[in-house]
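Single-structure report; data block below.
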Amino acid sequence: MRFLLITTIALMLSTSYVDAFPKIIKIKSNKDYLLIENRDLPIIDLKITFDRGSKSDGENEGILSFSVNLLHQQLLNSKKVINYFEEIGAQYNSSVNKERSDISLRFVSTSDNIGLISKKINEMLSLNGISQELINENKVRILNIINRRDLDPGRLAQRKADEIFFSGSGMSHPTIGYARTIESLDTDIIRQTLIQLILKSKISISIVGDISENTSAILISNMFANMRRVPQKSDSPIKYNQLRKNTKKIFFDSSQTHINIYIPAIKREDEDFYNILVANHIFGGSGFGSRLMREIREKRGFAYSIYSYLSMYNDFGILKINLQTDNRNVSQALQIISIELDKFKNFNATQEEVTSSKKSLIRNVLTRMDTNINTLQILSSINNYDLQDDYYKKYITGIQNVNLKSIKKAISNKIKFEKSLTLTLGGR
């Protein structure tokens, strides 16, 4: 009786949540250009996403990240592009991950600002300010970052885990590359890389804020005016290393050991995504309420923090577990994680745990829309994975349809425990 009451209340709450979600507008019916209007503040948040990431670097590992970082540093009429943005109080950011590259801007919503932003982005993407001097300056900065990166055990552990798990593919190297490849970059290859990115990749645009659909369409049109774009198919599917269960120990002179565990899982569009999402929330994705946190930190004090999360890629997903512990606790911590993974594999959770996690995940999607920037992050993910149609309704329905039986079946069919990687990096 109590379970029926809880379920009924949850369903009523989910219905009210759907009504509270914002409307996603396909700008001029283009599924790759999405808008959420928000007139609460005179602010516009814009993100341009190219479907090429560091996996396309080829032999020049790190070249795409290096090249994208040059865009806003170009000189236009003796002034850097970034200075034009800063003069109107606009905030500019760019990033490159393994599969995508992003340019984002936040600025006050005025007609003059919209005009300036569209014009300067167009000029920036025309690449007329790429010079060898600019490249040389950037090399010094990136090489310093690379040197510092290799002294950070947490970042080094992640890099080593990627190199093993994605061995033999374009996903194995760090996004910013290696010193040896950055030093050899020159103007011609960087310009060619940016031309391929801007003219040949698929582009998705996400906008949140005080702007109409018509004005958004004009903004987009002006950003890419006079560009002869011929989008090509992105790279062929990337596969993770198909080796059997693998454990790697790497020595690093430190009193602490970093532990990274990668377990092949599902991609975002998989029908069982919501089953695994709920299961992970119980396992290690809900902070202090998770089983991993309870067993590792609360009961034994082996780590300040331990968590698991689903890392999504185009062709697959990875269930990742991360923690840092004292060297003397490594063996015991790994043993406890192994026990919890066996429980997770058999999924011995209670109905109460499942119901509580479902309600928490539904509430979380609301709290993640408390600002324009957070809303933009969600909208951009929706855009990247082509989830535009009734996203919020499908999210809630997907969560609500999860039950103990469906979770057990999904874990059995979609989580590849036998192909996991466990990497430890520390003093023992």
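The values are calculated or read from the model by the stated rules, or taken from the named source; none is laboratory data. Since the structure is predicted, the reported quantities are computational estimates derived from the model, not experimental observations. Cβ coordinates were reconstructed from backbone atoms using ideal geometry, including for glycine residues, and neighbour counts include every protein chain displayed.
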task: Restricting attention to helices (runs of 4 or more DSSP H) lying wholly within segment 329-412, give those where 1 or more residues are among the aliphatic types (A, V, I, L, M) and surrounded by fewer than 19 Cβ atoms within 10 Å (Cβ to Cβ).
output: 330-346, 351-367, 372-384
task: Filter segment 196-223 for residues that are closer than 16 Å to D102 by Cβ and either over 25 Å from the mean Cα position of the chain (by Cα) or assigned to a helix (DSSP H, G or I) (or both) and give the result.
output: L197, I198, I220, M223
field: All positions within segment 276-301 that are surrounded by fewer than 22 Cβ atoms within 10 Å (Cβ to Cβ) and either in contact with a Cys (Cβ under 8 Å, 6 or more places away or on another chain) or not in a helix (DSSP H, G or I) (or both)
entry: S286, K299, R300, G301
Among (1) within 17 Å of the chain's Cα centre (by Cα); (2) farther than 26 Å from E86 by Cβ, the one test that K47 misses: (2)
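Let's see how each residue does on (1) over 19 Å from A161 (Cα atoms); (2) touching a residue at least 12 places away in the same chain (Cβ under 8 Å); (3) not β-branched (V, I, T):
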residue	(1), (2), (3)
A303	yes, yes, yes
S311	no, no, yes
F316	no, yes, yes
K320	no, yes, yes
L323	no, yes, yes
K345	yes, yes, yes
N348	yes, no, yes
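Out of segment 82-130, which residues are among the β-branched types (V, I, T), under 22 Å from R191 (Cβ atoms) and over 26 Å from the mean Cα position of the chain (by Cα)?
Within segment 82-130, the first condition is being among the β-branched types (V, I, T), and the residues that meet it are 82, 88, 96, 103, 108, 110, 114, 117, 121, 130.
Right, trim to under 22 Å from R191 (Cβ atoms) and you get 82, 96, 103, 121, 130.
Scanning segment 82-130 gives a single hit, I130.
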query: Would segment 310-328 turn up any residue that is of a type in the set (F, W, Y) and at pLDDT 95 or above?
result: no
task: Enumerate the pairs (first residue in segment 276-287 and assigned by TED's automatic domain parsing to the domain that holds N413; second residue anywhere and at pLDDT 95 or above and aromatic (F, W, Y)) with beta-carbon separation below 8 Å, excluding pairs fewer than 6 apart on the same chain, so at least 6 apart or on different chains.
output: A279/F344; N280/Y309; F283/F344; G284/Y307; G284/Y309; G285/Y307; G285/Y309; G287/Y307
